[in-house]
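Here the structure is laid out as structure tokens; the discussion comes afterwards.
The values are calculated or read from the model by the stated rules, or taken from the named source; none is laboratory data. Please read these numbers as outputs of a predicted model, since none were measured by experiment. Cβ placement follows ideal geometry from the backbone for every residue including glycine, while neighbour counts extend to all protein chains displayed. The accessibility values were calculated without ligands, DNA or RNA, using every heavy atom of the protein model including side chains. Shrake-Rupley method; radii C 1.70, N 1.55, O 1.52, S 1.80 Å.
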Amino acid sequence: MRWLIPRLSEFQDRQPEIDLHLSVGGGGFDFARDRITLAIRRLDFAIDGNWQVERLIEEEVGPVMHPAMADRFAAGGYVALAAKTRPDAWQKWSAAHPDAPKPRSTRFLDHHFLMAEAAAGGLGVAMCPKIIALDDIRKGGLAAPLGFQPNGSHYGIIRSALAKKTAGIDQFVSWLLAAIHEDFYVAS
């Protein structure tokens with residue numbers, strides 16, 4: 001949502017007749033119970049064999065912080081910001097980067113977008129997905145001095161059988177794929 005919402009006006013300007021309803025969620029869901037036609041999710045849960053799944057982008061993660069914290073991060077002893085939804089993200093990243101500066105403590109927040117806000121506010125260093133931090137990095141509100149590395153997971157579009165019969169789904173998916181391509185493969 002943090003990446004998608006700032007870009008939605010472009011789609012809505014092109015296709016004003018298509019009504020989108022957004023809701024936040026992660027992990028498993030039920031199309032009928034949750035009354036959804038299309039889901040954009042991190043593909044880290046069991047996928048029903050009847051669903052049509054299309055990968056959007058590989059998730060990349062890395063430490064992000066307010067630019068003024070770069071020296072403190074480099075020296076180590078900073079506060080690591082972690083999301084309760086992925087409590088082992090710092091451990092996994094640290095294991096893959098044994099020479100990286102170590103935090104003095106870890107503070108857990110409920111979700112990644114809260115981590116990004118806390119990092120931008122100078123409260124610590126967030127282990128953040130690139131897709132969440134990208135706009136703030138481009139605006140200079142966050143820095144990612146060690147860049148981002150793939151963590152083995154992907155984001156994808158999941159369609160129900162009803163999606164084939166719902167007007168506007170194909171246009172939205174085509175627009176979304178083009179926006180991701182432009183932002184992550186052309187602009188990077």
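Scanning the range 80-108 for residues that are surrounded by 14 or more Cβ atoms within 10 Å (Cβ to Cβ) and hydroxyl-bearing (Ser, Thr, Tyr) turns up Thr85, Ser94, Thr106. Within the range 124-162, the set of residues being closer than 24 Å to Arg55 by Cα, within 16 Å of the chain's Cα centre (by Cα) and among the basic types (Lys, Arg) comprises just one member, Lys130. All of (1) part of a strand (DSSP E or B); (2) open to solvent by 70 Å² or more (accessible area, probe 1.4 Å) hold for Val53 with one exception: (2). Does any residue of the range 102-109 turn out to be closer than 22 Å to Ile131 by Cβ, in contact with an Asp or Glu (Cβ under 9 Å, 6 or more places away or on another chain) and not β-branched (Val, Ile, Thr)? So far as the range 102-109 goes, yes, one or more of its residues are closer than 22 Å to Ile131 by Cβ, in contact with an Asp or Glu (Cβ under 9 Å, 6 or more places away or on another chain) and not β-branched (Val, Ile, Thr).
Each residue in the range 109-125 was checked for being open to solvent by 40 Å² or more (accessible area, probe 1.4 Å) and either more than 20 Å from Arg42 (Cα to Cα) or in a helix (DSSP H, G or I) (or both), and 5 pass.
Quick check: is even one residue across the range 11-26 part of a loop (DSSP other than H, G, I, E, B), farther than 22 Å from Phe148 by Cβ, under 20 Å from the mean Cα position of the chain (by Cα) and polar (S, T, N, Q)? The answer is yes; a qualifying residue exists. Only residues that are among the charged types (D, E, K, R), modelled with pLDDT of 85 or more and surrounded by 10 or more Cβ atoms within 10 Å (Cβ to Cβ): list them for the range 1-43, please. Correct list: Arg7, Glu10, Arg14, Arg41, Arg42. Each residue in the range 126-146 was checked for being in contact with a strand residue (DSSP E or B) (Cβ under 8 Å, 6 or more places away or on another chain), open to solvent by 40 Å² or more (accessible area, probe 1.4 Å) and closer than 26 Å to His181 by Cβ, and 2 of them qualify.
When Ala46, Ala89, Ala116 are checked against the criterion of being under 30 Å from Ala163 (Cα atoms) and at pLDDT below 95, a single residue qualifies: Ala46. Restricting attention to the range 35-58, the residues being free of Cβ contacts under 8 Å to residues at least 60 places away in the same chain, of a type in the set (A, V, I, L, M) and touching a strand residue (DSSP E or B) at 6+ places or on another chain (Cβ under 9 Å) number 0. Look at the range 126-145: where a residue is modelled with pLDDT under 95 and part of a strand (DSSP E or B) and a partner is among the polar types (S, T, N, Q) and open to solvent by 30 Å² or more (accessible area, probe 1.4 Å), sitting 6+ places away or on another chain with Cβ atoms under 9 Å, you get Pro129/Asn151.
Condition first: part of a helix (DSSP H, G or I), β-branched (Val, Ile, Thr) and touching a residue at least 40 places away in the same chain (Cβ under 8 Å). Can you find one or more residues in the range 156-174 that meet it? Scanning the range 156-174 turns up at least one residue that is part of a helix (DSSP H, G or I), β-branched (Val, Ile, Thr) and touching a residue at least 40 places away in the same chain (Cβ under 8 Å). Considering the conditions (1) on the phi > 0 side of the Ramachandran plot; (2) open to solvent by 70 Å² or more (accessible area, probe 1.4 Å); (3) small (Gly, Ala, Ser), Gly77 is excluded by exactly one of them, (2).
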